[in-house]
1. Would you be able to say whether some residue in the range 111-121 is buried (at least 22 other Cβ atoms within 10 Å of the Cβ), over 28 Å from ARG27 (Cα atoms) and charged (D, E, K, R)?
2. When you go through ALA44, ALA130, ALA102 one by one, which is the residue that is among the hydrophobic types (A, V, I, L, M, F, W, C), on the phi > 0 side of the Ramachandran plot and out of contact with any strand residue (DSSP E or B) (no Cβ under 8 Å at 6 or more places or on another chain)?
3. Quick check on my filter: what residues within the range 211-230 are assigned to a strand (DSSP E or B) and either at pLDDT below 95 or within 16 Å of the ligand (Cβ to nearest atom) (or both)?
4. Looking only at the range 19-35, decide whether some residue is of a type in the set (Asp, Glu), more than 16 Å from the ligand (Cβ to nearest atom), part of a loop (DSSP other than H, G, I, E, B) and open to solvent by 10 Å² or more (accessible area, probe 1.4 Å).
5. Give all pairs with beta carbons closer than 8 Å in which a residue from the range 147-160 that is farther than 12 Å from VAL108 by Cα meets a residue that is in a helix (DSSP H, G or I) and open to solvent by 30 Å² or more (accessible area, probe 1.4 Å); count only pairs at least 6 apart in sequence or on separate chains.
6. Name every residue in the range 190-210 that is part of a helix (DSSP H, G or I) and within 16 Å of the ligand (Cβ to nearest atom), in order of residue number.
7. Go through the range 50-64 and count every residue that is within 13 Å of the ligand (Cβ to nearest atom) and more than 18 Å from LEU196 (Cα to Cα).
8. Do you know which of the residues in the range 65-98 that are closer than 12 Å to THR183 by Cα and away from the ligand (no atom under 16 Å from the Cβ) is farthest from the chain's Cα centre (by Cα)?
Amino acid sequence: MTEVDLDEYLFAPAPVISLPVRGAAERFPVHRLYCVGRNYAEHAREMGHDPAREPPFFFTKPPEAVVEPGEPLPYPPATADLHHEVELVVALHRGGRDIAEADALDHVFGYAVGIDLTRRDLQGEAKKLARPWDSAKAFAASAPCSAIVPASRIGHPAAGRIALSVDGALRQEGDLAQMIWKTPEIVAALSRLWELRAGDLIFTGTPAGVGPLQRGQRIDCEIAAVGRLRTDVA
Ligand code: MN
């Protein structure tokens, strides 16, 4: 982290959040987290929606949501229904506005395995009252993430198994090919709404099988070619 001149600020500014990069000494500094909602048809249906009539959409999490691999996952406050959502994470090393789909993959540094943790009880209440999702989605430590694997090593995965187990029992299983919006479409659509920046992470949606986590449980996630993520709920 860069040395901070404390005479300039009233108090110490927030530290830079970052993730390790597989095969590299330099870390990936995180700017912002974008998430795609309902990007797998089976998951949209399990949540009570019709994927043919309701296209995917976006929400965000703050950088403080990142939990790096090997760190314990604290069970968050204010919920009795913490849900797992395993997702392919797209890591950008170049930003921009109005990025064309054809150019989108040039902006992608690499990929990771992530979990979009959700306080489902708070989300259910927010949906019922037509209120924002921030309290359900954007809490600290709500986005455990593996090391980032550079696209220069694995290419841009568009198919392959994505799965999550809890204490050895398979909960979620799908294929990246089932994503309704593909990575280039997601980058292009996001860049029409926000100016994207190097360091942005995009959680690309979850396959069916989301469910509750309890303290003490072990989560194992896997995405073919990208890698694994293991974490314990503290
Ligand atoms: Mn999600």
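1. Going residue by residue through the range 111-121, those that are buried (at least 22 other Cβ atoms within 10 Å of the Cβ) are 111-119.
Subsequent filtering for residues that are over 28 Å from ARG27 (Cα atoms) retains 119.
From what's left, charged (D, E, K, R): 119.
So far as the range 111-121 goes, yes, one or more of its residues are buried (at least 22 other Cβ atoms within 10 Å of the Cβ), over 28 Å from ARG27 (Cα atoms) and charged (D, E, K, R).
2. Details: ALA44 fails: on the phi > 0 side of the Ramachandran plot; ALA102 fails: on the phi > 0 side of the Ramachandran plot.
Result: ALA130 is the single residue among ALA44, ALA130, ALA102 that is among the hydrophobic types (A, V, I, L, M, F, W, C), on the phi > 0 side of the Ramachandran plot and out of contact with any strand residue (DSSP E or B) (no Cβ under 8 Å at 6 or more places or on another chain).
3. Quick first cut of the range 211-230, residues assigned to a strand (DSSP E or B) only: 211-212, 218-223, 227-230.
GLY211, PRO212, ILE219, CYS221, ILE223, LEU229, listed by residue number.
4. The initial filter retains those residues of the range 19-35 that are of a type in the set (Asp, Glu), namely 26.
Add one more test, that the residue is more than 16 Å from the ligand (Cβ to nearest atom), and what stays is 26.
Filter again for part of a loop (DSSP other than H, G, I, E, B), leaving 26.
Narrowing the set further to residues that are open to solvent by 10 Å² or more (accessible area, probe 1.4 Å) leaves 26.
Checked against the condition, which is being of a type in the set (Asp, Glu), more than 16 Å from the ligand (Cβ to nearest atom), part of a loop (DSSP other than H, G, I, E, B) and open to solvent by 10 Å² or more (accessible area, probe 1.4 Å), the range 19-35 yields at least one hit.
5. ALA158/ALA177; ALA159/ALA177; GLY160/ALA177
6. Initial filter on the range 190-210 (part of a helix (DSSP H, G or I)): 190-193.
LEU190, the sole residue that qualifies.
7. At the first step, the residues of the range 50-64 found to be within 13 Å of the ligand (Cβ to nearest atom) are 56-61.
Add one more test, that the residue is more than 18 Å from LEU196 (Cα to Cα), and what stays is 56.
Of the residues in the range 50-64, 1 are within 13 Å of the ligand (Cβ to nearest atom) and more than 18 Å from LEU196 (Cα to Cα).
8. LEU92
The values are calculated or read from the model by the stated rules, or taken from the named source; none is laboratory data. What you see is a predicted model; the values in this text were computed from it and never measured. In this analysis, Cβ positions are derived from the backbone assuming ideal geometry, glycine residues included, and neighbour counts consider all displayed protein chains. The area values use the complete protein model at the heavy-atom level, side chains included, leaving out ligands, DNA and RNA. Shrake-Rupley method; radii C 1.70, N 1.55, O 1.52, S 1.80 Å.
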